[in-house]
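The values are calculated or read from the model by the stated rules, or taken from the named source; none is laboratory data. Computed from a predicted model, the values in this text were never measured in an experiment. Cβ coordinates were reconstructed from backbone atoms using ideal geometry, including for glycine residues, and neighbour counts include every protein chain displayed.
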Amino acid sequence: MRRRRFVVTVLLGALLAGALIGKVATASNTVPNQSLGYGSAAAVTAYTISGVTYTLDSTSPQNIDQVAFTISPTNPRLVKAQLAPGGAWYACTNSAGNVSCATTTPQTTATGSTQLTVVATQ
């Protein structure tokens, strides 16, 4: 008798769970109407970097304290520089195309600087 009651209880529990799962699985969502589009932008032109100079630390000349260069066009609002692949990115300041980037946090070294990568955007 107990076994039969247990089987009936388990069976009813399984049916109830199945009904709930079925209700959850078939629930509908209301999604508001929105616009979605695809377009194209004007031609993208590259920046030109020239006049690159490095400022060494006066007490530890193996360290580079700053990299500076000119950028053309002169109006990017954001400029960052990297002196080694996978290395730190340094924030730069741009004053009418004259860009300077402090490279002290973290401190970069002359031997660890193998390439200059600049990213600029308007």
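For the range 103-122, how many residues meet the condition of being closer than 15 Å to Thr70 by Cα and without any contact (Cβ under 8 Å) to a residue 40 or more places away in the chain? Let's see the steps before the verdict.
The first filter runs over the range 103-122 and keeps only residues closer than 15 Å to Thr70 by Cα, leaving 116-121.
Now restrict to residues that are without any contact (Cβ under 8 Å) to a residue 40 or more places away in the chain: 117.
So the answer is 1.
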If Pro106 satisfies every condition in (1) at pLDDT 95 or above; (2) surrounded by 10 or more Cβ atoms within 10 Å (Cβ to Cβ) but one, which is the exception? (2)
Do you know which residues across the range 63-79 are surrounded by 15 or more Cβ atoms within 10 Å (Cβ to Cβ) and part of a strand (DSSP E or B)? Asn63, Ile64, Asp65, Gln66, Val67, Ala68, Phe69, Thr70, Ile71, Val79
Between a residue in the range 40-54 that is under 16 Å from Phe69 (Cα atoms) and assigned to a loop (DSSP other than H, G, I, E, B) and any residue that is of a type in the set (Ser, Thr, Tyr) and at pLDDT 90 or above, which pairs come within a Cβ distance under 9 Å, given they are 6 or more apart or on different chains? Tyr47/Ser72
Filter the range 89-113 down to residues that are outside any strand (DSSP E or B) and more than 20 Å from Ser60 (Cα to Cα) and give me whichever is nearest to the chain's Cα centre (by Cα). Gly97
Residues of the range 43-68 satisfying the condition of being in contact with a Phe, Trp or Tyr (Cβ under 8 Å, 6 or more places away or on another chain) and over 16 Å from Gln82 (Cα atoms): Gly51
